[in-house]
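The values are calculated or read from the model by the stated rules, or taken from the named source; none is laboratory data. Everything numeric here is computed off the predicted structure, so don't read it as measured data. Because the Cβ atoms are built from the backbone with ideal geometry, glycine has one as well, and the counts that use them run over all protein chains shown. Just so you know, the surface numbers come from the protein's heavy atoms only, side chains and all, with ligands and any DNA or RNA stripped out. Shrake-Rupley method; radii C 1.70, N 1.55, O 1.52, S 1.80 Å.
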Amino acid sequence: MNANRRPIIAGNWKMYKTGAAAAALAREVVAQVAGVTKPEIVVCPTFTSLAPVGPAIAGTNVQLGAQNVHWEKEGAFTGEISAAMLLEVGVKYVIIGHSERRQLFGETNEGVNRRTKAALAAGLRPIVCVGESLAQREAGQTAQVVSDQTRAGLAGLSKDDMVATVIAYEPVWAIGTGKTASPAQAQEVHRLIRDRLGEMFGADVAGRVRIQYGGSVKPDNAKELLGQPDIDGALVGGASLKAGEFAAIVKAAA
């Protein structure tokens, strides 16, 4: 982590927890991270749990995030959700282009770009995900894939927009598999992303953007991962569903 960038730890609850259970988990998280000020802390429940979780974290050091957003303000888009709908229930951050959205639901770099711009225009802060699959890593394509996703996903953003955006590097092969990129592997790709940002937006902006690592982050590996110079936080999956584990990762960032 770099002292000039405030770390950010976000929990992606994926398709787990109905409303009451999500609110209970949120209250547990609040209790366990009370008084922690250094990292920004975000929880991202399912759409139906946003409304019950909001009041459970209101006025605390934990902020509300969503897992996706559509690029249009409204319209005939069955199954989608707009930025205004998220803002209405108190959402501040939104995950965009998660590897599961790309792999399972066909989301593209162009779609990621449109969602990111729509989120920013509405005043939401995007967490834009990039990362390579195992086949791509083994074929030596990591740099190309991550560079392409970064350039295409962030094309056309202003410098101010870029500073308001968080990037999450998720090696797809390390999500839910128990495999984790080594701190050196993770740092190498984070550095690559920051270099791409420098080419696109200038060194000053690149130095201010926060880049999270996401891929089987757990209490026992968090400190070493977060100790890397270009890793500014974590996008936490499974461990974020256990308040104690999530709190331990938050404290590792503190």
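What tally of residues in the stretch 137-157 results from selecting those that are over 18 Å from the mean Cα position of the chain (by Cα), closer than 19 Å to Leu235 by Cβ and of a type in the set (S, T, N, Q)?
Final tally of qualifying residues: 1.
Does Val128 count as modelled with pLDDT of 95 or more and in contact with a Gly (Cβ under 6 Å, 6 or more places away or on another chain)?
yes
Keeping to the stretch 1-32, report how many residues are in contact with a Ser or Thr (Cβ under 8 Å, 6 or more places away or on another chain) and of a type in the set (S, T, N, Q).
2
Would you mention how many residues in the stretch 118-144 are open to solvent by less than 10 Å² (accessible area, probe 1.4 Å) and in a helix (DSSP H, G or I)?
1
Taking the stretch 73-116 only, how many residues are outside any helix (DSSP H, G or I), surrounded by 14 or more Cβ atoms within 10 Å (Cβ to Cβ) and charged (D, E, K, R)?
3
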